[in-house]
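Right, one structure below, let's go through it.
Read-outs: derived from the displayed coordinates by stated rules, not from any lab. Predicted, not measured: the structure shown is a model, and the values here were computed from it. All Cβ positions, glycine included, derive from the backbone under ideal geometry; neighbour counts span all protein chains shown.
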Amino acid sequence: MKYKILTFICVILALAGALGSYFVLTSPEKTRVNIISDGKLVRTIDLSNHSDEQFDIRYRGRTNTIEVKDGKIRVKEADCRDHTCVKTGWLRSSAMPIVCLPNHLVIEFAGEEGGVDALAW
Ligand SMILES: [Zn+2]
């Protein structure tokens, strides 16, 4: 009888562990995106529930045109010098945010460690 209870507890713990790791493993499938301009969060977009849109983010007279389309986000146009942000293309991974250094713009998936606070301009 005692062993049965122990087995039961073990099974519950194993299930809880499996469930916990399941959530940890599946949560990186992120859809929430932070748009940070000059170290400030200016917009949060949920790509899974967002209609196609295009908008401008301005910084000191310079502009980045952001495009949201088919649940993806990218910098479509920019008047920065290097155009790295445009060349980066669609935001794919939280490990690789879209960054426009000249215009102090970052587009990244939300919910990662670091985030806004990690940006020290
Ligand atoms: Zn740029």
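Measuring r between the beta carbons of GLU67 and THR31 and using R0 = 25 Å, the FRET efficiency lands at 0.95.
Karplus-derived 3J(HN,Hα) values for the range 2-18, using 6.51 cos²θ - 1.76 cosθ + 1.60 with θ = phi - 60°, are 4, 5, 4, 5, 4, 4, 4, 4, 4, 5, 4, 5, 5, 5, 4, x, 4 Hz; glycine and proline are entered as x. Per-residue extension of 0.36 nm, minus the Cα-Cα distance of ALA14 and ARG92, leaves a gain of 24.8 nm for this segment.
Amide H contacts under 5 Å for ALA78: THR65, restricted to partners 5 or more places along the chain or on a different chain, H placed in the peptide plane at 1.01 Å from N. Cβ crowding within 10 Å ranks ILE36, ILE12 as ILE12, ILE36, fewest other Cβ atoms first. Couplings for the range 53-59, taken from phi via the Karplus curve 6.51 cos²θ - 1.76 cosθ + 1.60 with θ = phi - 60°, read 7, 9, 8, 9, 10, 10, 9 Hz in order; Gly and Pro are left as x. Computed from backbone phi with θ = phi - 60° and the Karplus coefficients 6.51, -1.76 and 1.60, the 3J(HN,Hα) list for the range 37-42 is 10, 6, x, 10, 6, 9 Hz; x is used for glycine and proline. Extension gain for ARG58 to VAL42 (0.36 nm times residue separation, less C-alpha to C-alpha distance): 4.7 nm.
Ranked by how many other Cβ atoms sit within 10 Å of their own Cβ, fewest first, the residues THR7, THR84 fall in the order THR7, THR84. Ordering ARG43, ARG60 by the number of other Cβ atoms within 10 Å of each residue's own Cβ, fewest first, gives ARG60, ARG43.
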